[in-house]
Amino acid sequence: MNPTEFAEAIKKPGVYLLDVRPLADFEKTHIEGANHLDVTDPDFDKEAEKQLPKNETIAVYCNTGKRSAMAAQKLTDLGYKVINLDNGITSWIAAGLPTV
């Protein structure tokens, strides 16, 4: 999804916002309300199943879209419904959307 579509989607009930970047990147800046789970963590799949709600759509993003695409595939394989921010938080910031 482009940043505008993603911004609208994450306002809806039943959408769980997930930043899949390394923790240091998340701590520098992230989309308000985002949860964190690093897709490069070897336990990503196990932690996802422990932490993420199966009955919600998981909205994922990273810096540029590569890691979030990987996370989206992993989560889809685990049975989650997933949406992905095209070109990551970089595109979000370029669109003038807020971060914290």
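Which residues' amide hydrogens lie under 5 Å from the amide hydrogen of Lys81, considering only partners 5 or more residues apart or on another chain, with H built in the peptide plane?
It is Ile58, by chain and number.
Just to confirm, what accessible area per residue do you get for region 16-100 at 1.4 Å probe, in whole Å²?
52 Å²
Take the solvent-accessible surface of the protein heavy atoms, probe 1.4 Å, and return the percent of it on the chain that carbon and sulfur atoms account for. Can you show the working numbers first?
Details: 2750 of 5360 Å².
The C+S portion of the solvent-accessible surface of the chain is 51 percent.
Can you give the accessible area of Thr64 in Å² (nearest 10), computed on protein heavy atoms with a 1.4 Å probe?
Accessible area, nearest 10 Å²: 80 Å².
All other residues with a Cβ under 15 Å from the Cβ of His36 taken together, and with Lys, Arg as +1 and Asp, Glu as -1, what is their net charge?
Numbers: positive: Arg21, Lys28, Lys50, Arg67; negative: Asp19, Asp25, Glu27, Glu32, Asp38, Asp41, Asp43, Glu47.
Taking every Cβ under 15 Å from that of His36, the sum is -4.
Could you work out the relative contact order of region 47-100? I mean the mean sequence separation of Cα pairs under 8 Å and 6+ apart, divided by the number of residues, in percent. Could you put the intermediate results ahead of the total?
Numbers: 64 pairs, mean separation 20.0, N = 54.
After rounding, I find 37 percent.
If packing is taken as the mean number of other Cβ atoms within 10 Å per residue, what is the order of 34-45, 12-23, highest first? Could you put the intermediate results ahead of the total?
Working: 34-45: 16.1, 12-23: 18.2.
Result, highest mean Cβ count within 10 Å first: 12-23, 34-45.
Relative contact order for region 1-96: what is it in percent, counting Cα pairs under 8 Å that are at least 6 residues apart? The partial results should precede the final answer.
Working: 161 pairs, mean separation 30.8, N = 96.
With pairs under 8 Å counted, the relative contact order is 32 percent.
For region 45-50, what does the Karplus curve 6.51 cos²θ - 1.76 cosθ + 1.60, with θ = phi - 60°, yield as ³J(HN,Hα) per residue in whole Hz, taken in order and with x for Gly and Pro?
For region 45-50, the Karplus-derived couplings read 4, 5, 5, 4, 5, 6 Hz, x marking Gly and Pro.
Taking Cα atoms, how many degrees apart are the long axis of helix 66-77 and the longest axis of the chain, rounded to 10 and kept between 0 and 90?
The answer is roughly 40 degrees.
Can you list the residues, at least 5 places off or on another chain, whose amide H is less than 5 Å from the amide H of Leu17, using H built in the peptide plane?
Those qualifying (amide H under 5 Å, at least 5 residues apart or on another chain) are Asn35, Ala59.
For the pairs Lys11/Lys81; Lys28/Lys50; Lys11/Lys46, note any where the Cα-Cα span goes beyond 19 Å. Walk me through the numbers before you get to the answer.
Values: Lys11/Lys81 16 Å; Lys28/Lys50 25 Å; Lys11/Lys46 27 Å.
In this structure, Lys28/Lys50; Lys11/Lys46 exceed 19 Å between Cα atoms.
The values are calculated or read from the model by the stated rules, or taken from the named source; none is laboratory data. Quick caveat, the model's predicted, so the values are computed rather than measured. Cβ coordinates were reconstructed from backbone atoms using ideal geometry, including for glycine residues, and neighbour counts include every protein chain displayed. SASA here: full protein model, heavy atoms, side chains in, ligands and nucleic acids out. Shrake-Rupley method; radii C 1.70, N 1.55, O 1.52, S 1.80 Å.
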